[in-house]
Amino acid sequence: MDQSDIGGSRKKLGLLNQTIKSKFSQLSTKFASNKQPVFPIHGNWNSVEDEDGVDMIRVERSETSSSDILDLDLEAFREANIEGDDGGVLAQYVNSSLIYEAGVDREGQLMLVFAACQLPDPKSTDYDRLLNLIMFRLDDFVENDYTLIFFAAGSQYKPSIKWVYRAYKRLTRKYKKNLKNLYIVHPALWIKITMEAMSSILSPKFNRKLVWISKLSDLAKEVPLEQINIPDAVYAHNLTKEQQIEYEADFSMPGKYFGVELEALMGQNGERGVPPVVTDAVDYLFSHGLTTPDIFRKMPPKDVVRKVRAEYEQLDKTSVAYALHGEYVAAAVLKAWIGELPHPLVPLQLYKMVRAIPIDQGEVEAATYIRDILLPSMCESKCTAILLSILIRLLDMVSQNSGVNNMTAVRLAVAWAPCWVRSTSPELDVEMCSATRIRLPDLESPDANVPKPSNVVTLIRIMISYYDFVFAPTILEFKDTLAIHRITSSVEDPPPKPPRRKPTDP
């Protein structure tokens, strides 16, 4: 291609970009002057091509009016959309093929995948209903911190800019707040142009969560790629970028502390002591992190966490000075270490026992069940009992400062639950640690009166709220070991916090 051809292509691309930005500007003006209805109006969508050659989607209005839809209550509206006129076939397709779980990432956040190559044919699919089903799917995750991985390659059908704009406007604060990272993998030209055109309406905070990924080897550096069910179309496209996927070496093999069996580090009965990865973080957080806002929820930069990890694993340090890094880094490293234990704190064989926590009979009954039945099953190795006693005591002290740090027992449980589970079924893991799959005491829910089974969020919350009751036998048995870490059977405050610099937000 000669220079004149290249120049002409760039000019055409620039005009196309300006055209799309103009359309977004018109949409912004329209929606600013006319409030968007709570529920979009249903219609029949047809794929057409605009004057610039870009695939668009045109809607033909159906006879259903917005007033008819607004007369439905929220639950009836949800059920009607899920059932549809196909008996729920589209809803099942959305949940299994279009947007689906991928387990937990290295920071202890739920992973959700959106595969553009699975977008259905707009000629035979109501995209208004599709958008509602996507939002319902996100509702299962928004109470937890989550990561969204968007596979853009292989998309045969492309939604219109108007539909993308409306989808973004439907993402209220609750959807954006807990979204920690949005990885856009193999971004096609139409994705880049659309995101560029939307730059004027995207918030700076949302923009900072966007990460552009050109090949799967780069994605493997950010998330555990082996957990993700990657569509064939995405693999096929990746072959045009690289012949082989390179996995991050640091996370593929056990290190000195991370990914190592707890018994190997502590000894079967804890005779080797608590690993420095734990003691460094716990001691620092006891002294400096109990009142830190959103501790264990706010994530520091990944490169800082990796640097601290490397100090333990590669530089062979036996201690890290967290005063150089701050409370959020200490919290993130502790969560990462727990999440990478080869045998999770709640293995698959205990899922049924966790679901059986009798929370419907009262919290005291639930705490008794955990102390007498569930905790002994979790702690077949005594080193696990010691670790849990130290960890939950720290969370208990953090929750006692919730008026300052905003971290109640519920919020701490939601933040920590993904780090406690891992099995061969990512969908089951998400169910076991999702805040929306259970009834929580301080999170409002439209179906709060409907009984729901317990999960790991319930387990951690009760452990925190009833720490002295649940862990009394453990503390009595290991009182000498736990006393070193300021763990006693009475509720005593740790030493007063020394004056120090104000923590820097990540």
What residues of the stretch 87-120 lie in the reach of a label at T424, counting those whose backbone N is under 18 Å from a point 7 Å from the Cα along Cα→Cβ? 102-104
Relative packing of 362-368, 108-114, 335-341, 212-218, which averages over residues the other C-beta atoms within 10 Å, highest first: 108-114, 335-341, 212-218, 362-368
Taking placed amide H atoms and a strict 5 Å upper bound, the residues 5 or more places from L210 or on another chain that come that close are L182
Quick query: amide H of V104 versus all other amide H atoms, modeled in the peptide plane; which residues come in under 5 Å with a sequence gap of 5 or more or a different chain? M111
Sort 401-410, 141-150 by packing, meaning the average of other beta carbons within 10 Å per residue, with the highest value first. 141-150, 401-410
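Mind ordering 418-428, 168-178, 294-304, 342-352 by average Cβ neighbours within 10 Å, highest first?
Result, highest mean first: 418-428, 294-304, 342-352, 168-178.
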Considering the dipole of the stretch 239-331 built from charges on the beta carbon (Lys and Arg +1, Asp and Glu -1) around the Cα centre, which of G273, V320, A331 is farthest to its positive end? A331
FRET efficiency for E83 and Q227 from the Cβ-Cβ distance with R0 = 35 Å, rounded to 0.05, comes out at 0.65
GluC sites (Glu not before Pro) within the stretch 254-291: DSSP coil, no more than 12 neighbouring Cβ in 10 Å: E271
Give, rounded to the nearest 20 debye, the magnitude of the charge dipole that the stretch 274-333 has about its Cα centre when Lys and Arg contribute +1 at Cβ and Asp and Glu contribute -1 at Cβ. 220
Taking the Cα centre of the stretch 209-249 as the origin, how large is its charge dipole in debye, to the nearest 20, when only Lys and Arg (+1) and Asp and Glu (-1) carry charge on their Cβ atoms? 180
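Every number here is computed from the coordinates shown, using simple stated rules; none is lab data. Computed from a prediction, not measured in an experiment: that's the story for all the values here. For neighbour counting, all protein chains shown are included, and Cβ atoms are generated from backbone atoms with ideal geometry for every residue, glycine included.
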